[in-house]
Structures are given as C-alpha cells and as structure tokens.
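Working notes for the structure below.
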Amino acid sequence: MPTELQVPIASEADIVTARQKGRELAASTGFSGTEQTLIATAISEIARNIVTYAKRGEIHLSALQEDGRRGVLVVARDDGPGISDPQLAMQDGYSTAKSLGLGLPGAKRLMDEFDLATAPGKGTTVTMKKWVR
C-alpha cells in the first residue's frame, strides 16, 4: 500500500473507493479494526459532501510520522460553492440537503484533529488527522 494517494471524487462509487483506500491505509499504519472503521466513516462523510454540494473534488490520503507518533492525514478538496456559514455547518443537525446533518460535525468527532477552510465561491478544504493510540 503506498503511503500517499489521491482519490478523485465525483460519484457514489468514488465515495466507496475513498473509504476502502482510507481503511487500507489505516490498517497498514497500525490502527485497530474499530479505528479503521472510524477513519473510513469520516472519509465517507466528507466525500459524500463533495458529491452532494461540489459535484467533484479529491481526497488525499497519507501516512503520518510526527514526534514519534504514527497516524493518517486526510485532506479533502473541492472547487464547489464553498460554505457560507461554516460555524452553522459545524452544528449537529444542520443541513441544506435535507440529510441528518452529521457530515462535518460527525467527521470532526471521529478524528483527532479537524480543520475546515472554506469561503463562498472558493471551494472547501477539510483536513483531518487520526493518531494511533
């Protein structure tokens, strides 16, 4: 398994691919089965947002080594419409797509580090890290 890969996101099938690749990377990095599922779920939520709101984007997955720790880095980027109110978008239950509204806040809870960079008309970048315990 390469320690860095890019998955283009434009369809439901791409969400599945990103989730599988994330799980494989997590397994090769030393995460438990439970943690692999958490990482795959976070990737799935963010990839689904790309398909729903931006139509296309990409997810970069890479293994991390930092201060003697091992982990995974997930960076999701799109050139979609951006998020007009990021604070509101990070609240549980908020959704403009009539979904459960768990995507962004749910992904944040599943990962150890989470950063959302977005602006209307400029697209969105979500950066997430999870560390092996």
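Sorted by average packing, counted as other Cβ atoms within 10 angstrom per residue and highest first, what order do 72-85, 28-41 take?
Final packing ranking: 72-85, 28-41.
If contacts are Cα pairs under 8 angstrom and at least 6 residues apart, what is the relative contact order of the chain in percent?
25 percent
Kirkwood hydrodynamic radius, computed over distinct alpha-carbon pairs, for the range 2-44: how many Å, to one decimal? Please report the intermediate quantities before stating the final value.
Working: mean 1/r = 0.0963 Å⁻¹.
Over the range 2-44, the inverse of the mean reciprocal pair distance is 10.4 Å.
Which angle from 0 to 90°, rounded to the nearest 10, does the C-alpha axis of helix 33-49 make with the longest principal axis of the chain?
The helix 33-49 is inclined about 30 degrees to the chain.
What aspartates and glutamates could a cross-link reach from LYS122, if we take a straight Cα to Cα line under 17 Å and drop same-chain neighbours fewer than 8 places away?
GLU58, ASP78, ASP79, ASP85
For the chain, with equal point scatterers placed on the C-alpha atoms only and solvent neglected, what are the log10 I(q)/I(0) values from the Debye formula at q = 0.20 1/Å, to two decimals?
Log-scaled intensity ratios, in q order: -1.12.
Roughly speaking, what is the centre-to-centre gap between the range 32-77 and the range 117-133 when only Cα atoms are used, to the nearest Å?
9 Å
Since every read-out is calculated from the coordinates, none of them should be taken as a lab result. The shown structure was predicted, so the numbers you read here are calculated from the model rather than taken from an experiment. Every residue, glycine among them, receives a Cβ derived from its backbone with ideal geometry; neighbour counts consider all protein chains shown.
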